[in-house]
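Heads up, the thing below is written out as structure tokens.
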Amino acid sequence: MAMDLVLAACGVMIGLPIALFGFMRLDEQPGRMSLALLILGLLITFGPIVNASIAHYTATSGTGRYNAW
């Protein structure tokens with residue numbers, strides 16, 4: 001689970017600047033390349049986050065009513 005959190009942090013650090021660059025480029029030069037950069041950055045950003053949240057949910061979900069204790 002710790003590796004999922006590290007990958008999520010790396011995904012945000014790498015993907016968010018790409019998404020922001022694609023968004024700024026989309027404003028200045030609309031086109032397929034700008035849209036592709038924006039979508040790629042968002043996928044890199046949110047992919048590991050969704051993976052970590054699903055892994056956390058499956059690791060902590062139980063089958064009984066009082067499994068949290």
I'm trying to understand the selection: among the residues of segment 13-48, which are of a type in the set (Val, Ile, Thr) and at pLDDT below 90? none
Is there any pair with a first residue in segment 40-61 that is in a helix (DSSP H, G or I) and a second that is open to solvent by 90 Å² or more (accessible area, probe 1.4 Å) whose Cβ atoms are under 7 Å apart and which are 6 or more apart or on different chains, and what are they? ILE44/ILE14; ALA52/LEU5; ALA55/MET1; HIS56/MET1; ALA59/MET1
I'm told PRO17 meets every condition in (1) open to solvent by 80 Å² or more (accessible area, probe 1.4 Å); (2) more than 9 Å from the chain's Cα centre (by Cα) except one. Can you identify the failing condition by its number? (1)
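The values are calculated or read from the model by the stated rules, or taken from the named source; none is laboratory data. If you're wondering where the values come from, they're calculated on a predicted model, not measured in any experiment. No Cβ is skipped: glycine too gets one built from the backbone with ideal geometry, and neighbour counts run over all protein chains shown. Protein only, heavy atoms only, side chains kept; ligands, DNA and RNA dropped before computing areas. Shrake-Rupley method; radii C 1.70, N 1.55, O 1.52, S 1.80 Å.
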